[in-house]
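Right, one structure below, let's go through it.
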Amino acid sequence: MQIGDRTIRAGEGAVCMLSTANRDGSVFPWGDQLDVERDARRHLAFGFGVRQCLGQPLARLELQIALETLLRRLPGLRLAVPFGQIRFRPNAVVYGVETLPIAW
Ligand code: HEM
C-alpha cells in the first residue's frame, strides 16, 4: 500500500495521528494557531466513519459547560508564567501540557 511517498508492506503497521491530520495546512490554513472561529467542520478529533467517537455529543457538552463555568467563575484567568516556560508532552497521542500554572 502506498501512502504519500511511503510504502507500507504486508505485515507492517501504520498509526494514524489524528491531531496531525487536524494541522494539515491544505485543509486548515494556520492549523497550529488557536482560532475558535475557524470553520473546523472537517476536523478528525473524534475520528471518522463507522468507528467515530460515540461519546462526542457528551464530550462537546461537557467541554462547553466546563469552559463557560471556568471563565465565569475565574474572571481574569491567565497564565502565571511566560508562555515560553510551558512544557508540552513530547510524542503524546493525547496532546497536552505537563503542568499549567495559572492565576486569576
Ligand atoms: C474530547 C473528548 C473525546 C475525544 C477527543 C474522543 C476521541 C475519540 C476518537 C478519535 C475515537 C475513534 C477511535 C478509532 O478510530 O478507533 C473515539 C471512539 C470512541 N469514543 Fe471517544 N472521545 C472523546 C470523548 C468520549 C466520551 C466522553 C465517551 C463516552 C462517554 C467516548 C466514547 C467513545 C467510544 C465508545 C468510542 C468507540 C466507538 C466505536 O468504536 O464504535 N468518547 N473517541
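Restricting segment 14-32 to residues that are open to solvent by less than 100 Å² (accessible area, probe 1.4 Å) and of a type in the set (V, I, T) leaves a set whose member that is nearest to the ligand (Cβ to nearest atom) is T20.
Listed here are the residues, each with its yes/no results for (1) within 13 Å of the ligand (Cβ to nearest atom); (2) out of contact with any strand residue (DSSP E or B) (no Cβ under 8 Å at 6 or more places or on another chain); (3) part of a helix (DSSP H, G or I); (4) among the charged types (D, E, K, R).
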{"residue": "C53", "(1), (2), (3), (4)": "yes, yes, no, no"}
{"residue": "L58", "(1), (2), (3), (4)": "yes, yes, yes, no"}
{"residue": "L61", "(1), (2), (3), (4)": "yes, yes, yes, no"}
{"residue": "A66", "(1), (2), (3), (4)": "yes, yes, yes, no"}
{"residue": "L70", "(1), (2), (3), (4)": "no, yes, yes, no"}
{"residue": "P75", "(1), (2), (3), (4)": "no, yes, no, no"}
{"residue": "V81", "(1), (2), (3), (4)": "no, yes, no, no"}
{"residue": "P90", "(1), (2), (3), (4)": "no, yes, no, no"}
{"residue": "Y95", "(1), (2), (3), (4)": "yes, no, no, no"}
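Every test in (1) modelled with pLDDT under 95; (2) surrounded by 10 or more Cβ atoms within 10 Å (Cβ to Cβ); (3) assigned by TED's automatic domain parsing to the domain that holds M17 is passed by W104 save one, and that test is (3). Figure legend. Inter-residue proximity from segment 91-104: first residues of a type in the set (F, W, Y), second residues assigned to a strand (DSSP E or B), beta-carbon distance below 8 Å, spacing 6+ or different chains. Indicated pairs: Y95/F88; W104/R78.
Does D35 count as in a loop (DSSP other than H, G, I, E, B), surrounded by 10 or more Cβ atoms within 10 Å (Cβ to Cβ) and not assigned by TED's automatic domain parsing to the domain that holds A103? Full working, then the answer.
On the way: in a loop (DSSP other than H, G, I, E, B): yes; surrounded by 10 or more Cβ atoms within 10 Å (Cβ to Cβ): yes; not assigned by TED's automatic domain parsing to the domain that holds A103: yes.
For D35, the condition - in a loop (DSSP other than H, G, I, E, B), surrounded by 10 or more Cβ atoms within 10 Å (Cβ to Cβ) and not assigned by TED's automatic domain parsing to the domain that holds A103 - is met.
Picking from residues in segment 38-51 that are surrounded by fewer than 11 Cβ atoms within 10 Å (Cβ to Cβ) and within 13 Å of the ligand (Cβ to nearest atom), the one that is farthest from the chain's Cα centre (by Cα) is V50.
The values are calculated or read from the model by the stated rules, or taken from the named source; none is laboratory data. All of these numbers come straight from a predicted model, not from anything done at the bench. A quick note on method: Cβ atoms are made from the backbone with ideal geometry, for glycine too, and the neighbour counts reach across all protein chains shown. Accessible surface is based on the protein model in full, side chains and every heavy atom, while ligands, DNA and RNA are left aside. Shrake-Rupley method; radii C 1.70, N 1.55, O 1.52, S 1.80 Å.
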